[in-house]
Each structure stands twice: as structure tokens, then as C-alpha cells.
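Following: one structure in C-alpha cells, then a few remarks.
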Amino acid sequence: MRLFGAALLWAVIAGSTWAQDSTDSLFTNPEPDSKADTTQKVSIDPFNGRSINFFESLDVQGYYISGYRQDGTLVNTPVDALNFGFGTDMRLDKTARAYASLYISYPTQNTTNTYLYNPYQPEINLTNSTLSFSEILVKELFLDYSLGDAAIFRLGRQTLSWGQGKIFNPGNLVQGIENGIAAKMAAALGPVNLTVVAIKNDSQYNITNGLALDSLGDALLLEYSAKMFSLGASGFYNSNVGGKLDGYVKTSVLGADVFVETLWERGTAGQMSTTGVAGLYREFGDDTKWLKLQTEWLVSGEGSTGSFAVVSNENLGFSDQSLGVAASTEALNFMSVKPSVAWLQSFADGSGQVIFGIVSTALPHIDLSMALTSVYGATGSRYIANNPDSEDRVWSLTLKASFNFDIKSSDGKS
Amino acid sequence: MRFMLLICGFLLAGGAFAQSDSKAILAKIDAQASFLDSDFSTEIVMTTTKPGEGVTERTIALFRRDREEKYVRLRLKPDSDKGKGYLNIGNNLWLYETVPTRHFTVTSAKDRFQNSNARNSDFTRSTFAEDYKIVSQSKEKLGPFDTTVLNLEAIHDDVTFARTKLWITPDNLVRKKEDYSLSGQLLRTSAMPSYQEFKGRFIPKKVTIIDALMGKTLNGVFRNEVTEYSMGKLSTDPLPSLIFTQSYLEKNSQ
């Protein structure tokens, strides 16, 4: 009986191995080894000729948000939104490129940016109840120029983000660049990557007379990466708001990406503050990632009002500490469903927010999502005062359906 | 007591020898496929067959600076993906995305490459000697090849596969490879029956990867997903340092 069992087990194991491995046929009569053909090589410029691309996108969204304010009032909000984007990407040769991305939205929105842990972004404009579309707005409009293999320049309205934090990102010294115009240069200095940016954004830097050269926000980033470490140092200065210095170290510990970043700020009145953020990102699972975990800890001397300002205007002596945890899983990918959870907690005033979200991508072009959000804390605390919901609900359920598609065409062919 | 100490001494010495011997064998395998004295570039033509879903074709430019562990992969075809790229420096991997906004995401080097059965780590230099130790070996005939079969175990966590099995011919070329999870689950099988010699190194003419887990049951039979790729347009000409930067990916993105 035992022998029969062992034989059966062997047959099952051997059978499964044979079923999975069918590479043996590749070795029955393999092509002999030979010398390589060295007459051709791959170009480092994939776009080395004249080309013009057109692209269009349509994003239609319907929301229904239902929830309670802190005083117990029930507020239900149906919202619809439409965003039509279009543009061109023209390349003259391998050195020059012009890019334009424009959009029209309904209802009129201030931003097209999306925020990973906030279902209310982009901000929903509830005051505009009539059928009113925005003017044609510029998302990006820039010119690229490559100076041989030495440097790459980009001039115009562009998007860019620095800093290591995904939940808290005080190291983004170029914040606001997407609403201004900027000149950027990138070059490799041996093993060090150099990026220099000059940003023109008067409202960001509280500038009234914007013609002077010192109205620009100037930023510089140096980065170096080796096997285990990635190091970076960056700086920012604007004569009207002050300066910042930032440094980070990123490495890998026990399979987790870990970073530590420190930011020093000095305002024009001489006030100084220091902010630190540390985080880790770890994926669990061999093939299917059953858990993706992101955790960040923010220690800020800026106070609750200064943390997200261009340059802080107060120093609370590291009393402002916050924790952010975000997790998602691929375990339900086979059902085209992705659940996630995010928790932000401010230890300075005990406020916070928790968001459970689930997105289904089972239908082509259509995303169906649901988010359960809780915002808690005393009146006037950080997350209550800065409630991401413009209706100030502290408990809410958001149901959302969005339809979207993108089309690109090259030289008139789609 | 002395006898026991002597036995322990012999065992420890034997273990140390086996470890250094293991490293030397794996270093020879690595040397056949690494370009530590020059840059390396190639064009990869890849097809992925998903049962019941059809065949996906891609062409990728691969730029390698092995001595600094810097790698760039840039999609050339299909046209809709042209210019999308990955930058790999050491353990750091950046992917430049343009939707919904332009930003770099850091992804795991262990991840699948572009929804294929290849992994990001397949396109970096060979590092068996740094990542694995040999736990057993045997002899096996593989078609016309007399091979040594090496069973390897990872010596740290920063590897794509915890266990790997290699079929090595006497010229130190890997002809077949099986990758396993820590629990011993077969994840994929790769076959490299033929090589092309290039500047004293050896590059597979074609790599066939059979995914042991991904696939679909059709007509009652489980069909595995299969990815095949070949490497052409080989070159060791020096590459500009600017290629191995995030700005290069940004410049070429659409």
C-alpha cells in the first residue's frame, strides 16, 4: 500500500514536471554556436528623424459622494466631470522637439493633477452648476533641445517632481513648476547627474513685480547612484521667499527600499526650520505581490500651517510628527480588482484620515471604484481644517465610474 | 575529544573550500556574459505568447555599463510605446511614466518586464557568483550537450529567484535554467541552446522562457505562457554617460 502510494506520488510529481517543461525539444537539434554579426549597432536616438504625433484623450467621470459632517449633517453630492485633452509631439531631428498638451474641462477645474491617497483630487468644483466648460488650458507646452551628448534642455511649461516621499514629500523643491514656466538643464558630470531649473511662477513666490531676474526660483539637484545606495543633494533659492537645502540617502535593507531625507529652510526674515522624512517600501510575494506596503514618518519643525508652504514661516521645534501608511495587493488581480488602504496620522494634534479604496478594471475603458473615507480629529486640527473633501464630510462613501480612452496617431496614421 | 576537533576542522576546511570553489565556478559563468571592460548595446526582439490571447511583439534597445551596474532599456516598437524606458542603477530601478502626469516610479527589479515572462534582472550583467552558492551538482545529458547541473541557493534577499538550477556546458555557458521560489515551486524554465560569440563573450542567439505559473487551460490542457527573445546589433562602442540618466528617459518619452 505504501509502495503504491509512493509510486502514485512519483507519477504525479514527474507528470507535473513534464507537463510544465517543454524546452527539451529545443535541444534535439540546436543551431551550432557561431560568430556574431557585427555589421550593425542600435542607435542611441530612437527619434532621429522628422516626426509628428497627435494625441487625444477623453475622460468622463461620474461620482456619488454620501456622508456626514462633524455636526451629523448628511450631505449627498452627485458630480459629473469631463476632461478632453489634445496635443502634438513634433520632433525635427534628434536634437529638437516641441510638445504641446492642452485640455478643456467641465466643470472648470483648477488642476489636472491626481493625488494617490485622495479620492477628492482633482478638486471638485461644486459652485459651477451650469453647463460651463473651461477655456483651452495649457497642461504642458515646451521645447526640448539636446546639446550633443553633453546636456538636455527643456524650456516652457513642464511638470517635474523632486523628493523621495510618496506620502509626505517636503523635498519637492520645484513644487508649483507645473503652474509656471521653467528652463531646465540636465547633464551627467561623470557618475553624478546634475539638474538645474529656473522657475517663473509669481503667485507661487508672492511676487508682484515679476519682470526682474530675481523673481525666478532657482533650483539645483545633484544625484549619485551606486550598487546599494542612491544619494542626492538639492537646493532652492528665491529672493522673495528664501532658500532650502535638501539631502537624501536611499538604500535597500532586507528587500525593502528605505530612504531618509532632511530639509533645511531659511525664510527671508531669517526664520529657520528643519524637516525630516523617512520611509520604506516593501513588496511581499514571489510572483503575485500579495502585499505592497509603503510607510513614511515625517518630523517637521514647520508647524501645521507651514509644512506645505513654499518656505516655512514658523518653527515648532519638531513637535509636528506624522505617520503615513499605505498598502495594496495584487492578490485579486485575477478578478481585475485592486483594493488599497491609506492611513495618515498627525501626532501633533491627533487628527488623521483613513481611506479604504477598491478599483475594478474588469470592463474595457471603464474604471469602477469605491472609497470609504474617515477624517477625524478636534475642530481646527490639521486633517479637519484641511479636509480634502470640499463639503467637510468626516465619514463618506464615494462611488465613482470613469470612462477614458487615449488615441495617438503618427504622421496621420493611427 | 581531539579526534572530534580534528573531524570538525576537516569539515570546516572542506566547507570553506567548497564555498570558494563554488564562487570560482560561478565567476567563470558570469565572465562569459559580462562586459566589465567596455559598454555594451544590443537590440532585443521579443515575442510573448499568451494562450488564448495571441502574440505580442516588442523591440527594445538595451544599453549596459556593467562596470557601474547601469542599464537602460528603451522600447522601440510598437510605435505606440516607442521611447518608454527603464533606468537601472545597482538596486535602483526607475520607470518613466507620462500618464496621468510625468513622473518616475521606482519599481522592483524582480518584477516582470513589460507584462512578459522575462524579468528586469534578465537584462543586467550575470552575477551568479555574487548572489548564489552551489548546494549540489550532477552530470546530465541535455540533447547533444554534456552538462553539469548546478543547484544554486541565494545568499541574500536582493535576488529575483531564491533558488536556481543551471545546466552548464564545459565552455561555462548556461544552456538551460530553472528558477524556483523559496518554497521550491518551479516559476519558469529558460532555454539557451545556441550562442553567438562576440568580442570574447557569448550572447544567446535566442532565449525561450516558459512560465510555469502563467498560462491558460485550453481544451482541458494547461498551456504555459512563453516569451522568446533574440539579441542582435551587438556593439561595445562607448556610450555617452547621459544615456544612464533619468533625463535621457524623459527626453525620449512621448
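Observations
- Scan of the range A:234-255 for residues that are crowded, with 16+ Cβ neighbours inside 10 Å, within 14 Å of chain B (Cβ to nearest Cβ) and either under 19 Å from residue B:159 (Cβ atoms) or more than 21 Å from the chain's Cα centre (by Cα) (or both), ordered by number: A:251, A:252
- Extreme residue, farthest from residue B:117 (Cα to Cα), among residues of the range B:208-229 that are assigned to a strand (DSSP E or B) and without any contact (Cβ under 8 Å) to a residue 60 or more places away in the chain: B:221
- Top-ranked residue in the range A:66-91 [being of a type in the set (Asp, Glu) and in a strand (DSSP E or B); ranked as farthest from the other protein chains (Cβ to nearest Cβ)]: A:80
- Residue within the range A:174-184 that is within 12 Å of chain B (Cβ to nearest Cβ), in a strand (DSSP E or B), of a type outside the set (Asp, Glu) and touching a Lys or Arg at 6+ places or on another chain (Cβ under 8 Å) present: yes
- Test for residue A:336: is it touching a Ser or Thr at 6+ places or on another chain (Cβ under 6 Å), at positive phi and at pLDDT below 90: yes
- Qualifying position, being of a type in the set (A, V, I, L, M, F, W, C), within 15 Å of the chain's Cα centre (by Cα) and within 10 Å of another protein chain (Cβ to nearest Cβ), among A:160, A:189: A:160
- For the range B:201-254, filtering for residues that are at positive phi and either modelled with pLDDT of 90 or more or touching a strand residue (DSSP E or B) at 6+ places or on another chain (Cβ under 8 Å) (or both) leaves 2.
- Whichever residue in the range B:167-183 is within 12 Å of chain A (Cβ to nearest Cβ) and among the aliphatic types (A, V, I, L, M) and, among such residues, is surrounded by the most Cβ atoms within 10 Å (Cβ to Cβ): B:173
- The set of residues from the range A:352-379 being in a loop (DSSP other than H, G, I, E, B) and without any contact (Cβ under 8 Å) to a residue 12 or more places away in the chain comprises just one member, A:364.
- Residue within the range A:38-51 that is touching a residue at least 60 places away in the same chain (Cβ under 8 Å) and away from every other protein chain (no Cβ under 13 Å) present: no
- Residues that are at pLDDT 95 or above and either hydrophobic (A, V, I, L, M, F, W, C) or under 21 Å from residue A:198 (Cβ atoms) (or both) within the range A:250-275 comprise just one, A:260.
- Scanning the range B:4-39 for residues that are small (Gly, Ala, Ser) and modelled with pLDDT of 90 or more yields B:27, B:31, B:34, B:38.
- Considering the range A:192-206, and only residues there that are more than 14 Å from chain B (Cβ to nearest Cβ) and not charged (D, E, K, R), the residue that is surrounded by the most Cβ atoms within 10 Å (Cβ to Cβ) turns out to be A:199.
- Restricting the range A:141-153 to residues that are more than 8 Å from chain B (Cβ to nearest Cβ) and either modelled with pLDDT of 95 or more or part of a strand (DSSP E or B) (or both) leaves a set whose member that is farthest from the chain's Cα centre (by Cα) is A:147.
Matching residues to (1) in contact (Cβ under 8 Å) with a residue 40 or more places away in the chain; (2) in a strand (DSSP E or B); (3) among the basic types (Lys, Arg); (4) within 9 Å of chain A (Cβ to nearest Cβ):
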residue: B:141; (1), (2), (3), (4): no, yes, yes, no
residue: B:148; (1), (2), (3), (4): no, yes, no, no
residue: B:153; (1), (2), (3), (4): no, yes, no, no
residue: B:157; (1), (2), (3), (4): no, no, no, yes
residue: B:165; (1), (2), (3), (4): no, yes, yes, no
residue: B:237; (1), (2), (3), (4): yes, no, no, yes
residue: B:249; (1), (2), (3), (4): yes, no, no, no
residue: B:254; (1), (2), (3), (4): yes, no, no, yes
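- Qualifying residue in the range B:43-66 (condition: modelled with pLDDT under 90, of a type outside the set (Gly, Ala, Ser), closer than 28 Å to residue A:229 by Cβ and assigned to a helix (DSSP H, G or I)): no
- Every pair of residues 6+ apart whose Cβ atoms lie under 7 Å, when the first sits in the range B:69-91 and is facing chain A (nearest Cβ under 7 Å) and among the acidic types (Asp, Glu) while the second is assigned to a strand (DSSP E or B) and buried (at least 19 other Cβ atoms within 10 Å of the Cβ): B:69/B:89
The values are calculated or read from the model by the stated rules, or taken from the named source; none is laboratory data. Just so we're clear, the structure is a prediction, and the values are computed from it rather than from any experiment. Neighbour counts are summed over all protein chains in view; Cβ atoms, including those assigned to glycine, are modelled from backbone coordinates with ideal geometry.
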